[in-house]
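Notes follow once the structure below has been shown.
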Amino acid sequence: MKQPIIMIDGNEATASVAHRLSEVIAIYPITPSSGMGEFSDEWSAKGKKNLWGTTPLVIEMQSEGGAAGTVHGALQTGALTTTFTASQGLLLMIPNMYKIAGELTSTVFHVAARAIASHALSIYGDHQDVMAVRQTGWALLSSGSVQEAQDFAAIAQAATLKARVPFMHFFDGFRTSHEVTKIFQLTDEELRLMVDDDLVRAHRARGLTPENPTLRGTAQNPDVYFQMREASNNYYTATPAIVQEMMDKFAKVTGRHYNLFDYSGHPEAERVIVIMGSGGEVVEETVAYLAAKGEKVGVLRVRLYRPFSIEHFIKGLPQSVKSIAVLDRTKEPGANGEPMYLDIVNALMEGKRADIKVIGGRYGLSSKEFTPAMTKAVLDELSKPEPKNHFTLGINDDVSHTSLTVDTSFSLESEGMVSCVFFGLGSDGTVGANKNSIKIIGEETDNYAQGYFYYDSKKSGTVTMSHLRFGPKSIRAPYLIEANQANFVACHQYSFLERVDMLKYAKEGGIFLLNSLYGPDEVWDHLPQEVQKDIIAKKLKFHVINGYDVAEKTGMGGRMNTIMQTAFFAISGILPRDAAIAEIKHAIEKSYGKRGEAVVKQNFDAVDATVANLHEVKVPAKVTSKTTRRLPVPNEAPEFVRDVLGQIIDSDGDNIPVSAFPIDGTFPTGTTQWEKRNLALEIPVWNEDICIQCGKCVMVCPHAVIRHKVYDEKLLAGAPETFKHTASKFKEFSTGFAYTLQVAPEDCTGCTLCVEVCPVKDKTAVGRKAINMEPQPALREAEAKNWDFFMNIPDMDRKLFNPATIKNSQLLRPLFEFSGACAGCGETPYVKLVSQLFGDRAVIANATGCSSIYGGNLPTTPWAKNADGRGPAWSNSLFEDNAEFGLGMRLTIDKQKEYAVELLKSFESTVSTELVEAILNANQEDEAGIGAQRERVTELKNKLGKSSDSRAKDLISLADNLVKKSVWIIGGDGWAYDIGYGGLDHVLASGRNVNILVLDTEVYSNTGGQASKATPRAAVAKFAMSGKGLPKKDLGLIAMSYGYVYVARVAMGANDQQTLKALLEAEAYDGPSLVIAYSPCIAHGYDMSKSLEQTKLAVQSGHWPMYRYDPRLAEQGQNPLVIESKEPTIPVSQYAYNETRYKMLTQMDEDRAEMLMKEAQHDAKARWTLYQQMASMHYGNGNDNEEKKS
Amino acid sequence: MTDLSTTYLGLNLKNPLVASASPLSKKLDKARKLEEAGISAIVMYSLFEEQILHETLELDHYLTRGTESFAEALTYLPDGGMYAVSPEKYLTQLTAMKKALSIPVIGSLNGVSKGGWTSYAKKIQDAGADALELNLYYLVADPNLKSEDVEAAQADLVAEVRAAISIPLAVKISPFVTALPNFAKRLVDAGANGLVLFNRFYQPDFDLDELDIVHNLDLSTSSDLRLPLRWISILYGKVNADFALTSGVHSGKDVIKSMMAGAKVAMTASNLLHRGEQAVGPILSELEEWMKEREYESIRQMQGSMSQKNVREPAAFERANYMKVLSSWRELP
């Protein structure tokens, strides 16, 4: 049977089997497994059939816990059911996993294994999640490559049906889930041969049915529970042999043979590594190389980790083995060793091979690289008389000295293998083009090919790296291309030259392709010294293309993808040039054909224009440049920022030793200010003559890069020459005060929202405003100096003005600045406003999601401090528990304040009755009151400072809680509407004084746009490919039903004053507050610079009514609900069809789009009518109406 | 019995009232209702090449933007569907209209690229259109562009489309031409079988509160009839084409005037957009009753009867006409 050969990644390969072998699929997005769910949803939406000719039912749940429960139910009623997950998601499934196993239920979960959040969250791959379920009674089957991921998905399904033990099939997150490589595709016929229909029917027959009623899920007592726990033992005993049987069957069907433990290496090996997952590929290749040189080394790859078959393990080892190193991709603090190491120690003991010496070590946590050099280091260690046990690989552990020394010059790049590294900007299409390129090479030539893609930690505007390998031999290299190994290095963005060391990857005699603003005759002198040195020393062939120019002329805008891809093929000579161009065009048609002829033509034009613009540079013999690469952070940055965070920014975090890091995940705040990303091509320039000083631009800036200050005009002494200022128009600060609006030129992202919101129009040319975008390069240096001067002007004392107006509120210093959120982000203006209003006394609980990523992803954090050193204290616990997490913070503050008050009263005689009374009775309703209380607390501490009384020391440690604190619970709609809703509801119900800010983007933004219950009807999202058929959940209405929760629905773009008022009221309300904020997001699919206008339309159409519900009004006999938007004046469609998420449905299925839009219109009207009725209800003391009648 | 039939572009029509290009033709049921109400032919809404290009590139842009930048969110929108951003959607609708209706269906095309005009014209023909209306909707804003060059280019375009298709071809033109009769003649010489007078341009307005430009389309009124009425009257008999009058046709009398000026058909859209198919009956009844009352036997009889060449004072359509209007205004009490 001919097996199709395809280029595919691990997620798609796995999902393709899982989808064909399932009837019900319950999913929830979590990186890096989301792709499997997305593919399944897409295939089912298109009606793709499973092996039995029916389309699997795919449902998105509210959490992984929900998905597991649904899977459990579907299994209990006899459906072939699966799910996909990772990391925290798998942990949430544990309770159901115990149940499913306890009930001996056939199923397979597919897991893209990922790190667990401990001291920090990480989305990258390791086996911590897998190891956390090894005790649940599931079979654990490990695949180590994309081919294996596909194959094991089938083997697992075949085995579980026979064994009845549930299976978890796992592979390494990102490394396998996201690697694109060439594999043999399993055909339907092959799958048919693997799956026994009788076993499927037997599974179905075990399902609960009233036709033949049975009962499961009993409660049991000491008399029988234990016995029943033992009753299924034989099934576990039988499972390994069943898996081997299915592996043997699979070999007959496909020719690919696997074993429970696969040994390879020297037949008389003395030193053997035991490993699981993709690392096995590395070890296998390294061992083959060393064994060929006569070294007696080998590797035993663990496939079936649970049930662990000692018998098969022992049989798998050559008799000659003297020592074993077990490599665990996990960490179990406090254990005597990592789990697999302990398993092997035990297996050798029970298997009567205790003569073999065993050591264990950790490697590859959070996708840390694992290389042939590291493998060799382990094997070398085994040769030592006293090898190090419990070692680590790939890090420099200078604290507990666990790490093995690795000779990084050892490498296995094989003969004929071509390695290429490409540096691109997220938005320029580099990765997409390289995915296309590697597909072309893999599918259109005889070469084996592999593509792996590396992304930065920021949401946008960052460097991507594509690692492509191809060659005549099979590629088993699940690690990045190493230094000095790349035959081809391409830089797709000229600006990278000044900050990224790209040529360290280049091999001697390799090729360097640069997307250059300068032609072949001029470019040399514009290169930094380091680049010139490398080109000369490594004898690189140097090519340039002005891709920017080609892109501009062919309408490609900022997209370099097709151009640089063509240049790559033209220079590298992998295919004859004409054939390459034909293939690129074929790929373009395949990728973009469905989007229309114009897109295809535009890309074709770019291909055709590229070759003529490609030039080889004659490389001079000498370094001539006077410039050098920029430092990652300036030298004046604090030591930790310079030495640790700077090294991370410089892409060299791998080489930072353990001792440099905090031991508990605690980091300093205010660090984004040192990371000058210099992203904007244009920045806003202030026209002080027509500015009305309204502060709207400052308010709306998502990145806090435009700020205004009012200050004593005497402070202008020493101002830089170009520093702009004018007389203050603030009524509180008029005579003698100057005003400046200043932009941070190297932090601005160029999103233009500030210009869009500016209400001023120049009377002589209405297109000009009081701020206008102008090219950044000419302004950069002078404005950077102006910014420094501006920042040194003291902030206006917050006690001196009321922040209730926009312009005043924006005098408060943002304590959330320069985040790595997308340019024009609709969430960050709210977050920034909270930081301004309450940041100096705020504790923040932040749900996992976009806001935790731009808020807390290394290297730097936008949460900052004011001049007094105060600022928001921030933490992220999990995705699902954020409301509870924040409540806990509130409880501490309340309890400690209570205790402080108790202590304070007992010190009345020591510190004076007057001070104690003043502290206890302080009015902290405004900034002046809070400021005065701070002074009192300082006085209190001073008075108690010299006391040796333990209670006085306690009071000093607690006294800060006597100053009003503000607890903010922040997260997105995925958290608030879905996974965290139960907790959120309980926290609202608790009545405690917490402030909940929901940044409602109406979609799971951080994981790539999956539908949430906040997604509106008629919008397309992942998991709602054919348009969401049901309306958006009304979270505000639910919260209002308590009657004692402050609720506001706000939209800054439509009414900034209402947003400000709502946040101030929410915080002032002594009880739970919920503010739901309309947050434009790039997942909506429109120009983010128009988000203010679009937000207005959302409000005008009734899609997003604005209101405040203040329980205090009800107490005063007034209706608590105040609707602050007008009756809808435009149809919902007028708002909706500006956004691709709605519009694309009209292009995919016009009739459904029309039907859903009609219903969405009805939703808006019904919601408006309901709110109107609620807002017009009569409130009063008792039944007023009745009283009036009498 | 009064004969309301006419011919237009070689098509035999049961009466001269044609639905001009409007969104009404986007819905089959609406088109069916128009046919039932008595409309004699339907011009499809325009296939705008520029719009297709824009929608295609826009969709591509927003499906691509932000992708492959951040490891957790490699894309932001699902991209699984086949998108109706190509002319296919239009062509499918055209074919469906042809299938559903027994009256003629005329395709309408507004291109931007040379290749676009001819290839889309062919596709419209292949989809089954009975005729094609080219919509020369083009506003010249460049002071360096000469009228003669613009006119020559448009005539060339008509010739190219003519060469590419075999179905009848009408051209919808704008009134903003210095020497309209000459331009009309050039288009006919280039192969146009009919001329549709006139295209209505969206006229921007200023919002003085926001200091902004506002765009809205005012539906036509009967007074808009005057402009095409004059020009058809002038062109009738001088330029060998079938004329269609569009803009301002709201009543049976408006249709009669159109016919008398020399039009073969009168096209209406605003009225239909405003009142739906119910607008059709009263217009046709008024037309028929008027004809009966005045003992007209057929539409053909009146076509061109008040054109410039058939009136006693041909100059009335030219400068004298202008003078007369002014003096009539002065004479008002």
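The values are calculated or read from the model by the stated rules, or taken from the named source; none is laboratory data. From a predicted model like this one, the values you see are computed outputs, not experimental measurements. Cβ sites come from the backbone with ideal geometry, for glycine too, and all protein chains shown count toward neighbours.
Just a yes or no: is a residue in region A:1001-1016 of a type in the set (D, E, K, R), in contact with a strand residue (DSSP E or B) (Cβ under 7 Å, 6 or more places away or on another chain) and crowded, with 20+ Cβ neighbours inside 10 Å?
The answer is no; no qualifying residue exists.
If B:ASN182 meets every condition in (1) at pLDDT below 95; (2) touching a helix residue (DSSP H, G or I) at 6+ places or on another chain (Cβ under 9 Å) apart from one, which number is that one?
It fails just one condition, (1).
Return a yes/no flag: does region A:756-767 have any residue that is in a helix (DSSP H, G or I) and either farther than 20 Å from A:ASN687 by Cα or touching a residue at least 24 places away in the same chain (Cβ under 8 Å) (or both).
Yes: region A:756-767 contains one or more residues that are in a helix (DSSP H, G or I) and either farther than 20 Å from A:ASN687 by Cα or touching a residue at least 24 places away in the same chain (Cβ under 8 Å) (or both).
With the requirement that a residue be within 14 Å of chain B (Cβ to nearest Cβ) and touching a strand residue (DSSP E or B) at 6+ places or on another chain (Cβ under 9 Å), what does region A:742-761 give you?
A:CYS758, A:VAL760, A:LYS761 - these are the residues of region A:742-761 that are within 14 Å of chain B (Cβ to nearest Cβ) and touching a strand residue (DSSP E or B) at 6+ places or on another chain (Cβ under 9 Å).
Given the conditions (1) touching a residue at least 12 places away in the same chain (Cβ under 8 Å); (2) touching a Leu at 6+ places or on another chain (Cβ under 7 Å); (3) surrounded by fewer than 18 Cβ atoms within 10 Å (Cβ to Cβ), report the number of the one that A:SER309 does not fulfil.
(3)
Within region A:614-635, is even one residue in a helix (DSSP H, G or I) and either under 36 Å from the mean Cα position of the chain (by Cα) or in contact (Cβ under 8 Å) with a residue 12 or more places away in the chain (or both)?
no
Looking at A:ALA1077, A:ALA1048, A:ALA1066 in this structure, which one is under 17 Å from A:ILE970 (Cβ atoms) and touching a Lys or Arg at 6+ places or on another chain (Cβ under 6 Å)?
Every option except A:ALA1048 fails the conditions.
Being crowded, with 21+ Cβ neighbours inside 10 Å, in contact (Cβ under 8 Å) with a residue 24 or more places away in the chain and not in a strand (DSSP E or B) is true for just one of B:VAL171, B:VAL158. Which residue is that?
B:VAL158
Which is polar (S, T, N, Q) and modelled with pLDDT under 95, of B:SER285, B:SER270?
Answer to the check: B:SER270.
Being surrounded by 22 or more Cβ atoms within 10 Å (Cβ to Cβ) and not in a loop (DSSP other than H, G, I, E, B) narrows it down to one of A:GLY820, A:GLY886, so name that one.
Of A:GLY820, A:GLY886, the one residue that is surrounded by 22 or more Cβ atoms within 10 Å (Cβ to Cβ) and not in a loop (DSSP other than H, G, I, E, B) is A:GLY886.
The rows are residues; the columns are (1) within 14 Å of chain B (Cβ to nearest Cβ); (2) of a type outside the set (Gly, Ala, Ser).
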| residue | (1), (2) |
| --- | --- |
| A:LYS533 | no, yes |
| A:ALA537 | no, no |
| A:ASN546 | no, yes |
| A:ASP549 | no, yes |
| A:LYS553 | no, yes |
| A:ARG559 | yes, yes |
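Looking at A:VAL994, is it within 14 Å of chain B (Cβ to nearest Cβ) and crowded, with 22+ Cβ neighbours inside 10 Å?
Considered against the rule, which asks whether it is within 14 Å of chain B (Cβ to nearest Cβ) and crowded, with 22+ Cβ neighbours inside 10 Å, A:VAL994 comes out as no.
Go through (1) touching a helix residue (DSSP H, G or I) at 6+ places or on another chain (Cβ under 8 Å); (2) not assigned by TED's automatic domain parsing to the domain that holds A:LYS1022 for A:TRP968 and report which single condition fails.
So the condition that A:TRP968 fails would be (2).
In the set B:ASP79, B:ASP60, which member is within 23 Å of A:VAL599 (Cβ to Cβ), within 14 Å of chain A (Cβ to nearest Cβ) and touching a Lys or Arg at 6+ places or on another chain (Cβ under 6 Å)?
Only one candidate passes the filter, namely B:ASP60.
Out of all the residues in region A:1138-1173, which are within 14 Å of chain B (Cβ to nearest Cβ) and free of Cβ contacts under 8 Å to residues at least 12 places away in the same chain?
A:THR1146, A:GLN1147, A:GLU1150, A:ASP1151, A:GLU1154, A:MET1155, A:LYS1158
So B:GLY128 passes all but one of these: (1) within 14 Å of another protein chain (Cβ to nearest Cβ); (2) modelled with pLDDT of 90 or more; (3) assigned to a loop (DSSP other than H, G, I, E, B). Which condition number does it fail?
(1)
Tell me, please, whether a residue that is assigned to a helix (DSSP H, G or I) and out of contact with any Lys or Arg (no Cβ under 6 Å at 6 or more places or on another chain) can be found in region A:989-1012.
Scanning region A:989-1012, I find at least one residue that is assigned to a helix (DSSP H, G or I) and out of contact with any Lys or Arg (no Cβ under 6 Å at 6 or more places or on another chain), so the answer is yes.
Please enumerate the residues belonging to region A:734-744 that are in contact (Cβ under 8 Å) with a residue 24 or more places away in the chain and more than 30 Å from A:ALA1051 (Cβ to Cβ).
Residues satisfying the conditions are A:GLY736, A:PHE737, A:ALA738.
I need the helices (runs of 4 or more DSSP H) fully contained in region A:1064-1164, keeping only those with at least 3 residues that are surrounded by fewer than 24 Cβ atoms within 10 Å (Cβ to Cβ), more than 31 Å from the chain's Cα centre (by Cα) and in the same structural domain as A:ASN1006 (by TED's automatic domain parsing).
Helices (runs of 4 or more DSSP H) meeting the threshold: A:1111-1115.
Being hydroxyl-bearing (Ser, Thr, Tyr), touching a residue at least 40 places away in the same chain (Cβ under 8 Å) and touching an Asp or Glu at 6+ places or on another chain (Cβ under 9 Å) is the filter here, so list the residues in region A:392-426 that pass it.
Residues satisfying the conditions are A:THR408, A:SER411, A:SER414, A:SER419.
Being farther than 22 Å from A:PHE838 by Cα, touching a residue at least 40 places away in the same chain (Cβ under 8 Å) and surrounded by 13 or more Cβ atoms within 10 Å (Cβ to Cβ): is that true of A:LEU903 here?
Numbers: farther than 22 Å from A:PHE838 by Cα: yes; touching a residue at least 40 places away in the same chain (Cβ under 8 Å): yes; surrounded by 13 or more Cβ atoms within 10 Å (Cβ to Cβ): yes.
For A:LEU903, the condition - farther than 22 Å from A:PHE838 by Cα, touching a residue at least 40 places away in the same chain (Cβ under 8 Å) and surrounded by 13 or more Cβ atoms within 10 Å (Cβ to Cβ) - is met.
Any idea which of B:TYR8, B:TYR62 is under 30 Å from A:PHE453 (Cα atoms) and hydroxyl-bearing (Ser, Thr, Tyr)?
B:TYR62
Conditions (1) closer than 24 Å to A:ALA373 by Cα; (2) buried (at least 22 other Cβ atoms within 10 Å of the Cβ), marked per residue:
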| position | (1), (2) |
| --- | --- |
| A:ALA269 | yes, yes |
| A:MET276 | yes, yes |
| A:GLY279 | yes, yes |
| A:LYS296 | yes, no |
| A:VAL302 | yes, yes |
| A:GLY316 | no, no |
| A:GLN319 | no, no |
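Test B:LEU94 against the criterion of being over 30 Å from A:GLY824 (Cα atoms), surrounded by fewer than 23 Cβ atoms within 10 Å (Cβ to Cβ) and more than 8 Å from chain A (Cβ to nearest Cβ), and give yes or no.
Here the answer is no, as B:LEU94 does not meet what is asked.
Need at least 2 residues that are closer than 30 Å to A:ASP188 by Cα per element, so show me which helices (runs of 4 or more DSSP H) inside region A:49-137 make the cut, counting only ones lying wholly within it.
Details: elements: A:64-76, A:87-102, A:128-131.
Correct list: A:64-76, A:87-102.
How many residues does region A:530-560 hold that are in contact with a strand residue (DSSP E or B) (Cβ under 7 Å, 6 or more places away or on another chain), hydrophobic (A, V, I, L, M, F, W, C) and at pLDDT 95 or above?
5
Confirm whether B:LEU74 is out of contact with any Ser or Thr (no Cβ under 9 Å at 6 or more places or on another chain) and either crowded, with 17+ Cβ neighbours inside 10 Å or away from every other protein chain (no Cβ under 14 Å) (or both).
The answer is no for B:LEU74.
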